[in-house]
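**Q** Pasting a structure below so you can have a look.
The values are calculated or read from the model by the stated rules, or taken from the named source; none is laboratory data. Remember, it's a predicted structure, so these values are computed and weren't measured experimentally. Here the Cβ positions follow ideal geometry from the backbone for every residue, glycine too, while neighbour counts run over all protein chains shown. Calculation scope for accessible area: heavy atoms of the full protein, side chains included, ligands and nucleic acids excluded. Shrake-Rupley method; radii C 1.70, N 1.55, O 1.52, S 1.80 Å.
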Amino acid sequence: MIKVLFVCLGNICRSPLAEVIFNKKLSEAGLSNKIAADSAGTANYHVGENPDPRTIEIAQKHNTPIDHKGQQFKKHHQEEFDYLIAMDHSNYKNMIREMGEEPSKLLLIRDFDPYGKGEDVPDPYYGGVNGFEQVYQILDRSLDKFLDHIKKEHHL
Ligand code: 4NP
């Protein structure tokens, strides 16, 4: 199994959304038996919690229901996952600090965004529901390209 971990700060907004959108794409592509996604946050504020209600709302609106409990990103995840995908530069740096190195499996999700390569997925936590819809759209298009990348690397 090829394992992907999406990582944001709180693990209640961006990364759980990335996880469910990506798992849905895998299911639609018939690849759920080969690739699987999970998510984590670099902070410990929301460990064990459900996603933010606005995340749940946006996920339901797009037919990608969420079932996830917050977990914190730890060094051991580096061995367990084949791809570590940060939502922004700040969490990319947090992850390097936790791992003590910058492994090649660590990437930014918007490296795969045709509109805004290398930018951050904006943190929607302190904004309104519009910010969550924007995050959904960024993730949806970036994850298509990320899946293409994995398929190419693994000849799937
Ligand atoms: P996330 O958003 O990193 O996309 O899950 C946030 C969630 C919680 C907080 C910040 C960002 N917080 O400060 O509690």
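**Q** Out of all the residues in the range 68-84, which are away from the ligand (no atom under 13 Å from the Cβ) and touching a residue at least 24 places away in the same chain (Cβ under 8 Å)?
**A** Across the range 68-84, the qualifying residues are Lys74, Lys75, His77, Gln78, Glu80, Phe81, Asp82, Tyr83, Leu84.
**Q** Something else: Name every residue in the range 134-148 that is touching a His at 6+ places or on another chain (Cβ under 9 Å) and away from the ligand (no atom under 14 Å from the Cβ), in order of residue number.
**A** Hit for the range 134-148 is Asp140, nothing else.
**Q** Among the numbered criteria (1) without any contact (Cβ under 8 Å) to a residue 12 or more places away in the chain; (2) open to solvent by less than 50 Å² (accessible area, probe 1.4 Å); (3) more than 12 Å from the ligand (Cβ to nearest atom), which one does Gly127 miss?
**A** (3)
**Q** Quick check on my filter: what residues within the range 2-32 are at negative phi, assigned to a loop (DSSP other than H, G, I, E, B) and touching a residue at least 12 places away in the same chain (Cβ under 8 Å)?
**A** Within the range 2-32, Leu9, Gly10, Ile12, Cys13, Ala29, Leu31 meet the criteria.
**Q** With respect to the numbered conditions (1) open to solvent by less than 70 Å² (accessible area, probe 1.4 Å); (2) touching a Lys or Arg at 6+ places or on another chain (Cβ under 9 Å), which one is the sole condition not fulfilled by Val47?
**A** Going through (1) open to solvent by less than 70 Å² (accessible area, probe 1.4 Å); (2) touching a Lys or Arg at 6+ places or on another chain (Cβ under 9 Å) one by one, Val47 breaks only (1).
**Q** Can I ask one more? What single numbered condition from (1) surrounded by fewer than 20 Cβ atoms within 10 Å (Cβ to Cβ); (2) of a type in the set (S, T, N, Q); (3) at pLDDT 95 or above; (4) outside any loop (DSSP other than H, G, I, E, B) fails to hold for Asn91?
**A** (1)
**Q** Turning to a different aspect of this structure: Can you confirm whether Lys69 is within 16 Å of the chain's Cα centre (by Cα), open to solvent by 20 Å² or more (accessible area, probe 1.4 Å) and over 21 Å from Asn44 (Cα atoms)? So that I can check it myself, show each step before the final result.
**A** Values: within 16 Å of the chain's Cα centre (by Cα): yes; open to solvent by 20 Å² or more (accessible area, probe 1.4 Å): yes; over 21 Å from Asn44 (Cα atoms): no.
Judged against the criteria, Lys69 is not a match.
**Q** Do we find that Ala40 is under 26 Å from His149 (Cα atoms), touching a residue at least 24 places away in the same chain (Cβ under 8 Å), out of contact with any strand residue (DSSP E or B) (no Cβ under 8 Å at 6 or more places or on another chain) and open to solvent by less than 20 Å² (accessible area, probe 1.4 Å) in this structure?
**A** Judged against the criteria, Ala40 is not a match.
**Q** Hey, another quick one. Every residue in the range 1-57 that is within 9 Å of the ligand (Cβ to nearest atom), more than 18 Å from Asp88 (Cα to Cα) and of a type in the set (Gly, Ala, Ser), please.
**A** If the condition is that a residue be within 9 Å of the ligand (Cβ to nearest atom), more than 18 Å from Asp88 (Cα to Cα) and of a type in the set (Gly, Ala, Ser), then no residue fits.
**Q** Take the residues of the range 58-67 that are part of a helix (DSSP H, G or I) and within 16 Å of the ligand (Cβ to nearest atom): which is nearest to Ile150 (Cα to Cα)?
**A** Filtering the range 58-67 for residues that are part of a helix (DSSP H, G or I) and within 16 Å of the ligand (Cβ to nearest atom), the one nearest to Ile150 (Cα to Cα) comes out as Ala59.
**Q** Inspect the range 100-123 for any residue being open to solvent by less than 50 Å² (accessible area, probe 1.4 Å) and of a type in the set (S, T, N, Q) and give the result as yes or no.
**A** No, the range 100-123 contains no residue that is open to solvent by less than 50 Å² (accessible area, probe 1.4 Å) and of a type in the set (S, T, N, Q).
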